[in-house]
Amino acid sequence: MLWRTIRTMDVMMHSSCFLLPKLHQPANKPVMNYALVVLNQQLPRFMPRLWAQANLRICADGGANRIFDEMFHMTNDEDEKSTRNRYVPEIIEGDMDSIRPEVKLFYSSQLCVLVTGALGGRFDHEAANINVLYLFSDMRIVLLSDDCLIRLLPKTHHHELYIESSVEGPHCGLFPVGAPSTSTTTTGLKWNLRG
């Protein structure tokens, strides 16, 4: 008598529901999460739909140019700037040899990097982390701890800070980094600075 072992395999589901206008997950089936990777080729006509369905959006290098240039033409938006502000990838990765400088600048200005664990502990580590703010002053980076929030306000811009009083305060401190400040003016503080 010959015995055969029947091997059982896990079932791998496949669906193209990400092409539907509204993502439909079949009942009693695992939820599918989608990561969208955009390369440097013409975008498909259903790109806005894919963008909406994705949990994570990644541009590989010049793929960021495609999102920047082509998404406006695929939507019914009247304003190109608001379209660009709405379609911002979570990650742009690559050697950056094919992304145009103005596209790189636009997307980096849309991002705010939140860093925890940078404050407290050894002072030399804390000072080095604050120095990173200065080194990357073209980016919005916020260092956070339970009782402190630090951000660099580069002199290349006018700044407006909106305080969330339910989670921030009651203290606010401003100090110059790298050079003295002779023209800082504030409003809304208990003791305002007047240049």
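Key figures
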{"item": "Residues of the stretch 59-82 satisfying the condition of being within 20 Å of CYS112 (Cβ to Cβ) and surrounded by 17 or more Cβ atoms within 10 Å (Cβ to Cβ)", "result": "CYS59, ALA64, ILE67, PHE68"}
{"item": "GLU93 over 24 Å from ASP61 (Cα atoms) and modelled with pLDDT of 85 or more", "result": "no"}
{"item": "Answer from GLN53, GLN42, GLN25 - the residue that is at pLDDT below 95, assigned by TED's automatic domain parsing to the domain that holds PHE106, farther than 18 Å from GLN110 by Cβ and surrounded by fewer than 13 Cβ atoms within 10 Å (Cβ to Cβ)", "result": "GLN42"}
{"item": "Of all residues in the stretch 114-142 being surrounded by 12 or more Cβ atoms within 10 Å (Cβ to Cβ) and β-branched (Val, Ile, Thr), the one that is farthest from VAL88 (Cα to Cα)", "result": "ILE130"}
{"item": "Selection within the stretch 133-188 - under 22 Å from GLY121 (Cα atoms) and of a type in the set (D, E, K, R)", "result": "ASP146, ASP147, ARG151, GLU168"}
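Every residue, every condition in (1) over 30 Å from GLN41 (Cα atoms); (2) more than 15 Å from the chain's Cα centre (by Cα); (3) in contact (Cβ under 8 Å) with a residue 40 or more places away in the chain, yes or no:
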{"residue": "ASN65", "(1), (2), (3)": "no, yes, no"}
{"residue": "MET74", "(1), (2), (3)": "no, yes, no"}
{"residue": "TYR87", "(1), (2), (3)": "no, no, no"}
{"residue": "GLU90", "(1), (2), (3)": "no, no, no"}
{"residue": "ALA128", "(1), (2), (3)": "yes, yes, no"}
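The values are calculated or read from the model by the stated rules, or taken from the named source; none is laboratory data. Since we're looking at a predicted model, the values are computed, not measured. Positions of Cβ are generated from backbone atoms using ideal geometry, with glycine treated the same way; all protein chains shown enter the neighbour counts.
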